[in-house]
Amino acid sequence: MRPFTYTGAKNTAEALQAASSNANAHYLGGGTNLIDLMKEDVERPDELIEVASLDYKKITSNENGGLTLGGMLNNSETANHRDIRTHYPLLSMAMLSAATGQLRNMATNGGNLLQRTRCPYFYETSMPCNKRVPGTGCGAIKGMNALHAIFGWSEDCVAVHPSDMCVALAAIGAKVEVRHPNGSSRMVEFTDFHRLPGDRPEKDSNLLPGELITGIHLPKPIFSAHYYYLKVRERSSYAFALVSVAAGLQIQGGMITKAGLAMGGVAHKPWKLVQAENYLAGKMPNQANFEAASELAMNEARPLEGNKYKVEMGKKSIVSALTQAYERKA
Amino acid sequence: MGELEKRKKNTGSDNLTEDEKKIFDQLGLKNGASRRKFLKLVSSASLSVYASSYATSPLFANTAKDLPHHQRVMLNEVKVNLRVNDRLKPLTLDSRTSLLDTLREHLALTGTKKGCDHGQCGACTVLVDGKRKLSCLTLAATCEDREITTIEGLADGNEPNAMQQAFLKHDGFQCGYCTSGQICSSVALLEEAKNGEASYVTEDFRKIETNLRLSEEEIRERMSGNICRCGVYNNIVQAFKEVHSGNDEMPSWEFATKEQMKKAKNS
């Protein structure tokens, strides 16, 4: 690992100040992804600003009738919080499908959003990768791409976002609260937080330099009765998703009044299935409608040589997740 | 002379072969030298040839007293007061030092193992403020004011912790490399079950209860962060169950029948 200066920020102002005075500094949350990437020589910051101990560790009520998750609260405490389990069980389920007990105890909520792709070409420094070193090309697009994107990829990058938590947040419709080094705060719609690769795959998100995630705002809960997070992977635990589906249904009088649907493992960002969501609203929760929604969702899929299987797997996963969400006893 | 004696004579460790005798003559050494002496001579000769380059190198000319007193340069040093197994240790470390390397290389607590060093195996699991974490991805610098417990800190004096005893009883290991991580993880999981924490395979996330009695499926999911390359998972689950339930546990697995094997193959 390359040498770096360790800066233990005592408060937010100190952290923001440190970040704004060094363009090559990185915030350090739980370190579960960053430290690994530094060992691999993929990330090369010359300063780490420790922010995991900053005071954003609570879950509080917000003005929308929902809850706000502290950016520095760890994944275990978030997923197991009584109010999250009761009102946002889809989020608990997605978060607990990720990684392991040990890693979830370390990983922060803010850091979860900012974890980087597990594309093997990104990790292997002897390989070309536009995300790691812009301009070197994409090794995966004509290489081993079984684990890669089927939506929204570009000629420059076919990597996928690895988070499970973010898939649930996309389905639920969260907002991200960020602090700028100049002291101002702004709210970012969850679907605008991450970006597609385009010709700048080195940028995973629309965060500005030095900005710090301080909270995640959840809307008023509507999917607490019917929820399911389906994660398809190469082994049944402790693996990243090949395909995952977060499904939430609001059912009133036997009819779907609102659907929240998003996929993981298929794009450079958590992939919200807006068309399918809109289709399901006002429909009966049955097999035929779930299948029609899954067809709509997969319409625009553009698989690569090695991941054609993800289209069929995606369809079946959507139907399965919706069915299990619906059949769950409220 | 029998065949065996002949061979013994020719290959006896202290006797020289014809070729070796020839080399001796060329070196101007007397006949009758033993093979052992020959080897000694040859190796000391080659060593001095090797070492002779150093006799004239600047490295050799600069004696130790000319070198600066502290040769080791500490880059970006951080000072950490580390509380490990109820003992406080003030340390000065390179900022890059992981908690794992600190335990093993600076505190000689080698019970915690380095498996993959990338957060993929769980061998380095320790307890930080009672929670299981991976020491390989934790910077020691972040551990000030934290309470760290390693496998060395679980026993009560000479009395092994209940989980350690259960692992012994149920053969919860084969090579033993992942064991300290498995045991630390298990100890933390007992607490998580007491607190009613959920897992991905939990039936209903909205039903919140404490003092959970975990099923085998639950134990396997929750222990998936500790990989055992020998594959003694059945015994590990058994050991965990024994402490978790407080009862003597008997192995609950059985060999698959031919029918079941056939079904599994065709599924």
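Can you pull the one-decimal nm distance between simple spin-label points at B:Leu75 and A:Gln324, each 7 Å off the Cα toward Cβ?
4.6 nm
Mind ordering A:31-43, B:118-130 by average Cβ neighbours within 10 Å, highest first?
Top of the packing list down: B:118-130, A:31-43.
Once fully extended, how much extra length lies between A:Asp199 and A:Glu300, figured as 0.36 nm per residue of separation less the alpha-carbon to alpha-carbon distance?
That works out to 34.3 nm of additional length.
For A:170-176, what's the mean count of beta carbons from other chains sitting within 10 Å of each residue's beta carbon?
If you average over the peptide's residues, the count of other-chain Cβ atoms is 0.
Can you classify chain A as rounded, prolate or oblate using the Cα gyration tensor, where a ≥ b ≥ c are the square roots of its eigenvalues, rounded means a/c under 1.5, and otherwise it's prolate if a/b beats b/c and oblate if not?
It comes out oblate by the Cα gyration axes.
Mean-square fluctuation check for chain A, GNM, Cα pairs under 10 Å: which of A:Tyr238, A:Tyr227, A:Tyr56 is largest?
A:Tyr238
Which value in nm describes the separation of the simple spin-label points at B:Lys21 and A:Ala292, placed 7 Å from the Cα toward the beta carbon?
With each label placed 7 Å out from Cα toward Cβ, I get 10.3 nm.
How many partner chain Cβ atoms sit within 10 Å of a residue's Cβ in peptide A:83-93, on average, as a whole number?
3
Using the crude model of +1 on Lys and Arg Cβ and -1 on Asp and Glu Cβ, and no other charge, please compute the dipole size for the protein assembly as shown relative to its Cα centre, in debye to 20.
1060 debye
Please work out the C-alpha center-to-center distance from region B:133-148 to region B:108-128 and express it in whole Å.
12 Å
In whole angstrom, how far apart do the alpha carbon centroids of region A:69-125 and region A:161-236 sit?
11 Å
For chain A, modelled as a GNM with alpha-carbon contacts under 10 angstrom, which of A:Ser97, A:Ser76, A:Ser20 fluctuates the most?
A:Ser20
With springs connecting C-alpha atoms under 10 Å apart, model chain A as a Gaussian network and identify which of A:Ala281, A:Ala170, A:Ala149 has the largest mean-square fluctuation.
The residue with the greatest mean-square fluctuation here is A:Ala281.
Quick check on the protein assembly as shown: take the gyration tensor over C-alpha atoms, sort the square-rooted eigenvalues as a ≥ b ≥ c, and tell me if it's rounded (a/c under 1.5), prolate or oblate.
prolate
About its Cα centre, what dipole magnitude does region B:77-150 give when the only charges are +1 on Lys and Arg Cβ and -1 on Asp and Glu Cβ, stated in debye to the nearest 20?
That gives region B:77-150 a dipole magnitude of about 200 debye.
With n ≥ 4 as the cut-off for DSSP H runs, can you work out [θ] at 222 nm for chain A, using -39500 (n - 2.57) per run divided by the number of residues, rounded to the nearest 500?
So the calculated ellipticity at 222 nm is -8000 deg cm²/dmol.
Return the FRET efficiency for the residue pair A:Thr86, B:Lys258: r is the Cβ-Cβ distance, R0 is 60 Å, and the value is rounded to the nearest 0.05.
So, using R0 = 60 Å, E works out to roughly 0.80.
Mind checking which of A:Gly183, A:Asn307, A:Leu261 is farthest towards the positive end of region A:177-330's charge dipole, using Cβ charges of +1 (Lys, Arg) and -1 (Asp, Glu) about the Cα centre?
Going by the charge dipole, the pick is A:Leu261.
Any idea which of A:Cys129, B:Thr142, A:Thr32 is furthest toward the positive side of the dipole for the protein assembly as shown, if Lys and Arg beta-carbons carry +1 and Asp and Glu beta-carbons -1?
Among A:Cys129, B:Thr142, A:Thr32, the one farthest towards the positive end of the dipole of the protein assembly as shown is A:Cys129.
If amide hydrogens are placed 1.01 Å from N in the peptide plane, which non-local residues have theirs closer than 5 Å to the one on B:Leu91?
B:Val80, B:Asn81, B:Leu82
Under 1.5 on a/c is rounded, so check that first for region A:131-177, then, if it is not, pick prolate when a/b is larger than b/c and oblate when it is not; a ≥ b ≥ c are the square roots of the alpha carbon gyration tensor eigenvalues.
prolate
Taking each residue of A:100-112 in turn, how many C-beta atoms of other protein chains fall within 10 Å of its C-beta, and what is the average?
Mean partner-chain Cβ count within 10 Å for A:100-112: 6.
A short reminder: the numbers here are calculations on the coordinates, not readings from a lab. Computed from a prediction, not measured in an experiment: that's the story for all the values here. As a convention, Cβ positions derive from the backbone with ideal geometry for all residues, glycine included, and neighbour counts pool all protein chains shown.
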